[in-house]
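Asks: Submitted below is the structure of interest, expressed as structure tokens.
The values are calculated or read from the model by the stated rules, or taken from the named source; none is laboratory data. The structure displayed is predicted, hence computed values, not measured ones. Cβ: placed from backbone, ideal geometry, glycine included. Neighbour counts: every protein chain shown.
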Amino acid sequence: MTDTPQPWLPGEAPAEQGKRHAPATARNRDAILAVLRAELPASGLVLEVASGSGEHAVHFARALPGLRWLPSDPDPAALRSITAWADEAGLANLAPPLRLDAADPEAWAIGEADAVLCINMIHISPWAATQGLLRGAARLLPPGGPLCIYGPFFRESFLTAPGNTAFDESLRARDPNWGLRWVHDVEAAAGRDGFTLARVADMPANNLSLIFRRDPPPG
């Protein structure tokens, strides 16, 4: 399928058919890829939660051919876009997308994964989606397995960029359940599900990559 991608921003009403294009993807994908090269295993299955347009999935699957990539999203329009981008790319290591709502424990319908990635979800979803992401990743990942979360955050003891403050206010005006999360709140919730925050990477445009590692079993 080669239809022209339709510009779209996460949180906006999606186009009904075909590929959609998230402009930020082209700006952040290589910076995210650099972090993934350092943190992901050399082989295995990566579950991407909230894949959105599908552009990241195609870019990462092409750049990391040793990994199998499983994109997912709860939105039927997003699933159509992911499928359209994947069909055009024709990558053997990119699986058809899975319909997955991170907040729904019944939706995590795969047995295991070697890594989990989530880009730009937790600030445009209720806190329950973050909690579901952490619980689901904890069930799927082996000890030491990475959960990589990218997006804008508030960070204690660091000056908040004015743009992030304005962005948070605009999100909460659209939906009071949305908004930038504090790193320490995500870290505390992750700790309850058996994760340790192993790395915080500064990213372009005042974003962060949070790398959590699944703790080994007690004893």
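Asks: Specify the residue that is nearest to residue 126 (Cα to Cα); the eligible residues are those in the stretch 174-198 that are in contact with a Pro (Cβ under 9 Å, 6 or more places away or on another chain) and surrounded by fewer than 17 Cβ atoms within 10 Å (Cβ to Cβ).
Replies: Result: 177.
Asks: Anything in the stretch 25-62 that is over 15 Å from residue 146 (Cβ atoms), within 17 Å of the chain's Cα centre (by Cα) and surrounded by fewer than 16 Cβ atoms within 10 Å (Cβ to Cβ)? List them, or say none.
Replies: Result: 26, 27, 30.
Asks: Right, here's the next one. Step by step: first the residues of the stretch 79-100, then only those that are assigned to a strand (DSSP E or B) and of a type in the set (A, V, I, L, M), then the one that is farthest from residue 49 (Cα to Cα). Which residue is that?
Replies: Ranking the qualifying residues of the stretch 79-100, first place goes to 94.
Asks: While we're on this one: I'd like the full set of residues that are farther than 18 Å from residue 52 by Cα, part of a loop (DSSP other than H, G, I, E, B) and of a type in the set (A, V, I, L, M), limited to the stretch 101-141.
Replies: If the condition is that a residue be farther than 18 Å from residue 52 by Cα, part of a loop (DSSP other than H, G, I, E, B) and of a type in the set (A, V, I, L, M), then 109, 110, 113, 141 are the ones that fit.
Asks: Another one. Does residue 145 satisfy the criteria of being over 28 Å from residue 168 (Cα atoms) and at pLDDT below 95?
Replies: Details: over 28 Å from residue 168 (Cα atoms): yes; at pLDDT below 95: no.
Taking the combined requirement at face value, the residue does not satisfy it.
Asks: Now a separate question. Tell me which residues, restricted to the stretch 7-39, are modelled with pLDDT of 50 or more and in contact with a Gly (Cβ under 9 Å, 6 or more places away or on another chain).
Replies: Passing the criteria: 10, 19, 20, 22, 25.
Asks: Let me ask something additional. For the stretch 174-219, how many residues are free of Cβ contacts under 8 Å to residues at least 60 places away in the same chain and assigned to a helix (DSSP H, G or I)?
Replies: Residues that pass the stated criteria total 10.
Asks: Another question, if that's okay. Before we move on, is residue 208 under 22 Å from residue 27 (Cα atoms), at pLDDT 95 or above, touching a Lys or Arg at 6+ places or on another chain (Cβ under 8 Å) and not basic (Lys, Arg)?
Replies: yes
Asks: So which residues in the stretch 142-173 are crowded, with 19+ Cβ neighbours inside 10 Å and assigned to a loop (DSSP other than H, G, I, E, B)?
Replies: The answer is 145, 152.
Asks: Since residue 99 meets every condition but one in (1) modelled with pLDDT of 95 or more; (2) surrounded by 18 or more Cβ atoms within 10 Å (Cβ to Cβ), which condition does it not meet?
Replies: The one condition residue 99 does not meet is (2).
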